[in-house]
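The values are calculated or read from the model by the stated rules, or taken from the named source; none is laboratory data. Since we're looking at a predicted model, the values are computed, not measured. Please note: Cβ atoms are built from the backbone with ideal geometry, for glycine as well, and neighbour counts cover all protein chains shown. These area figures cover heavy atoms from the full protein model, side chains too; ligands, DNA and RNA do not enter into them. Shrake-Rupley method; radii C 1.70, N 1.55, O 1.52, S 1.80 Å.
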Amino acid sequence: MPRALLASFANRIAFSAPTADETLSISRIRIELLSGLTVALALVPEAVAFAFVAGVHPLVGLYAAFIVGLITALIGGRPGMISGATGALAVVMVALVAEHGVEYLFATVVLMGILQILFGIFKLGKFIRLVPHPVMLGFVNGLAIVIFLAQLTQFKVPNDAGEMVWMTGWPLVMMLGLVALTMAIIWGMPKITRVIPAPLAGIGIVAVLVIAFGIDVPRVGDLASIAGGLPSLHIPVVPLNMETLQIIAPYAFILAAIGLIESLLTLNLVGEITGKRGGASQECIAQGVANTVTGFFGGMGGCAMIGQSMINVKSGGRTRIAGVAAALFLLLFIVAASPLIEQIPLAALVGVMFMVVIGTFAWQSLTILRRVPLTDALVIVLVTVVTVLTDLAIAVVVGVIVSALAYAWNNASRIHAKTYTTSEGAKVYQVQGPLFFGSSAGFVELFDVTHDPGQVIVDFADSRVVDQSALTAIEAMAAKYADAGKNLQLRHLSRDCHQLLTKAGQLMIDSDDDPDYAIAADYQVKTGILGGGH
């Protein structure tokens, strides 16, 4: 019952997305621009915070958010997605910056972008389809928790010694009160009007109250000054030699993988909300182009941001206009409006992100844990925990591996055989279930070489021969029967199985009749082909 109430509460206070027609009109453009403004305001503290995590100047994070956000909005795989500097990448960058300096970071970001472009060209993004739904749920839940934990740093202030300590007393009460007010406005605004996106209204109203009454709470300017000029072309100042490549290549591969995994999973999530599909390869190329350009303009690189993407789509952003507007608003903040933006209370932005957390977390996963298979439930929890404790890429890889192993074990246990004896005295094994590395041992155990007659037929009408382990198992059984002076034949090979065994050189008779089941051709098995090497 408490879980049901929690899920109901989450559905009520989650952002309410307008259902206006996505064709361009004055109303649609207004929604897109306001949504972009909301996203831009939320991007500022995130970009600054992630720049601090990476150990670089705040403008390095802000420039990355602008350039990556603009390019991916223009040519990305799916309208509605927002990209920028992210924490998942920042935690990897910090070691590189600390050891080799920021110039090596810029070079790494360029190489990262090139790798992502190659991923897109060779259409490797399609492999994101292999990510099971339990992994997606764990990813969403873990990222929601990460976003929540990231906001808690805003509840810390420097003490007399310059150390960051938790707020206490009246400052904490004021901070919590403004956060709660922002969340209440976001929850209630759609019930009054949809003219202004609820998150933007929450930020605006709370900011006006804080500025008008001079309430002493942390503001954006307390993090760092965001004032700066236009980003300029900057070739990374690093030696062009193999030593540099050896330094940056490992980081570039890791950053490219993390960036694409987070981007493609966000692409799927946004697609579920907006009802769009496809675009994985295009998104890989867009992320690659964006990061390559960013590296040459003094940015720290980035990828898709699930939090800001949720703000955008829940505020009504459905076209590329919102993403472009967010990037341009962010540039405007940097160049001309920094004094005003720096007055925005962090409590308002924290309130927006808390609502993102509530809207992003898959609350239904709490109720289905008892209803889905135990393995799937464990995967959901595992991916959530690993995402929080390490990073998204490791969590997704772990989730996919565990899911794949569980699937393999499931199929391995399914292999069995029905037997009967023909009028000619031959024994037929009707194998059922896939024959692959997981079931090859069970396949061997199906046969009784000692007591079988001189003629044995293995019928694969209800089975599939999948990999080398299967081929080796078939050859091993044929060798055992040959050693016992008996004959083993294969029957009813599907076309793919027939091609696999023919390529391996195991079929002594080559026929195309059997794969179409026109006749029951029996195939002799050559031995000593795969079993000789260990």
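L105 meets each of the listed conditions (1) of a type in the set (A, V, I, L, M); (2) under 18 Å from the mean Cα position of the chain (by Cα); (3) modelled with pLDDT of 95 or more; (4) open to solvent by less than 20 Å² (accessible area, probe 1.4 Å) apart from (2).
The set of residues in region 302-348 that are open to solvent by 10 Å² or more (accessible area, probe 1.4 Å), under 30 Å from I215 (Cα atoms), in contact (Cβ under 8 Å) with a residue 60 or more places away in the chain and assigned to a loop (DSSP other than H, G, I, E, B) comprises E342, Q343, I344.
A single member of G80, G120 is closer than 25 Å to L331 by Cα and small (G, A, S), and it is G80.
Go through the residues of region 269-276 one by one and say whether even a single one is under 12 Å from V68 (Cβ atoms) and either at pLDDT 90 or above or not small (G, A, S) (or both).
Within region 269-276, the subset under 12 Å from V68 (Cβ atoms) is none.
Looking through region 269-276, none of the residues is under 12 Å from V68 (Cβ atoms) and either at pLDDT 90 or above or not small (G, A, S) (or both).
The residue that is most open to solvent (accessible area, probe 1.4 Å), among those in region 190-201 that are touching a Leu at 6+ places or on another chain (Cβ under 9 Å) and in a helix (DSSP H, G or I), is L200. Just one of (1) open to solvent by less than 50 Å² (accessible area, probe 1.4 Å); (2) of a type in the set (V, I, T); (3) touching a residue at least 24 places away in the same chain (Cβ under 8 Å) fails for T375. It is (1).
In the set (1) surrounded by 15 or more Cβ atoms within 10 Å (Cβ to Cβ); (2) part of a strand (DSSP E or B); (3) modelled with pLDDT of 90 or more; (4) not charged (D, E, K, R), the condition left unmet by Y420 is number (1). How many residues does region 388-442 hold that are closer than 26 Å to A257 by Cβ, free of Cβ contacts under 8 Å to residues at least 24 places away in the same chain and of a type in the set (G, A, S)? Qualifying residue count for the region: 1.
Can you go through G359, G351 and tell me which one is among the small types (G, A, S), surrounded by fewer than 24 Cβ atoms within 10 Å (Cβ to Cβ), modelled with pLDDT under 95 and in a helix (DSSP H, G or I)?
Details: G351 fails: surrounded by fewer than 24 Cβ atoms within 10 Å (Cβ to Cβ).
So the residue among G359, G351 that is among the small types (G, A, S), surrounded by fewer than 24 Cβ atoms within 10 Å (Cβ to Cβ), modelled with pLDDT under 95 and in a helix (DSSP H, G or I) is G359.
Does A150 satisfy the condition of being surrounded by fewer than 21 Cβ atoms within 10 Å (Cβ to Cβ), touching a Gly at 6+ places or on another chain (Cβ under 7 Å) and either more than 30 Å from I26 (Cβ to Cβ) or small (G, A, S) (or both)? Spell out the reasoning first.
On the way: surrounded by fewer than 21 Cβ atoms within 10 Å (Cβ to Cβ): yes; touching a Gly at 6+ places or on another chain (Cβ under 7 Å): yes; either more than 30 Å from I26 (Cβ to Cβ) or small (G, A, S) (or both): yes.
Judged against the criteria, A150 is a match.
Taken over region 110-140, residues that are in a helix (DSSP H, G or I) and either within 12 Å of the chain's Cα centre (by Cα) or of a type in the set (D, E) (or both) amount to 12.
Of all residues being assigned to a loop (DSSP other than H, G, I, E, B) and in contact with a His (Cβ under 9 Å, 6 or more places away or on another chain) in region 483-520, which is modelled with the lowest pLDDT? Just the residue, please. Can you show your working first?
Let us first name the residues in region 483-520 that are assigned to a loop (DSSP other than H, G, I, E, B), namely 484-486, 492-494, 505-506, 508-513, 517-520.
Retained after the next criterion (residues that are in contact with a His (Cβ under 9 Å, 6 or more places away or on another chain)): 510-512, 517, 520.
Details: D510: 45, S511: 44, D512: 43, Y517: 40, A520: 43.
By that ranking, first place goes to Y517.
Under the condition of being assigned to a strand (DSSP E or B) and open to solvent by 60 Å² or more (accessible area, probe 1.4 Å), which residue from region 153-169 is nearest to S35 (Cα to Cα)? Among residues in region 153-169 that are assigned to a strand (DSSP E or B) and open to solvent by 60 Å² or more (accessible area, probe 1.4 Å), the one nearest to S35 (Cα to Cα) is K156. Within region 40-68, residues that are closer than 19 Å to A107 by Cα sit with their Cβ atoms under 7 Å from residues that are polar (S, T, N, Q), at 6+ positions apart or across chains, in these pairs: F50/T86; A64/T294; I67/T294; V68/S83; V68/N291; V68/T294.
For region 33-65, a residue qualifies if it is buried (at least 24 other Cβ atoms within 10 Å of the Cβ), in contact with a Gly (Cβ under 8 Å, 6 or more places away or on another chain) and more than 19 Å from V91 (Cβ to Cβ), and the qualifying residues are S35, G36, V39, A42, Y63.
Tally time: how many residues in region 362-372 are touching a Pro at 6+ places or on another chain (Cβ under 9 Å) and either open to solvent by 10 Å² or more (accessible area, probe 1.4 Å) or assigned to a loop (DSSP other than H, G, I, E, B) (or both)? Outline the logic, then answer.
Restricting attention to region 362-372, the residues satisfying the condition of being touching a Pro at 6+ places or on another chain (Cβ under 9 Å) are 365, 372.
From what is left, the residues that are either open to solvent by 10 Å² or more (accessible area, probe 1.4 Å) or assigned to a loop (DSSP other than H, G, I, E, B) (or both) are 372.
Of the residues in that region, 1 qualify.
Looking across region 170-189, the residues that are within 33 Å of the chain's Cα centre (by Cα) and surrounded by fewer than 17 Cβ atoms within 10 Å (Cβ to Cβ) come down to L176, A180, A184, G188.
Would you mention how many residues in region 265-297 are open to solvent by less than 10 Å² (accessible area, probe 1.4 Å) and not β-branched (V, I, T)? Steps first, answer last, please.
As a first pass, look at region 265-297 and keep what is open to solvent by less than 10 Å² (accessible area, probe 1.4 Å): 265-267, 270-271, 283-284, 286-288, 290-291, 294-295.
Cutting the leftovers down to not β-branched (V, I, T) gives us 265, 267, 271, 283-284, 286-288, 290-291, 295.
Adding up the residues that qualify gives 11.
Annotation note: of L149, L143, the sole residue that is modelled with pLDDT of 85 or more, assigned to a helix (DSSP H, G or I) and within 30 Å of T390 (Cα to Cα) is L149. With respect to (1) within 30 Å of P171 (Cα to Cα); (2) within 31 Å of the chain's Cα centre (by Cα), the lone exception for G214 is condition (2). Candidates L74, L34: the one that is at pLDDT 90 or above and farther than 18 Å from V270 by Cα is L34.
The single condition among (1) of a type in the set (S, T, Y); (2) over 23 Å from T38 (Cα atoms); (3) assigned to a loop (DSSP other than H, G, I, E, B) that S225 does not meet is (2). Note on region 449-482: among residues that are touching a residue at least 40 places away in the same chain (Cβ under 8 Å) and in a strand (DSSP E or B), the one that is nearest to the chain's Cα centre (by Cα) is A461.
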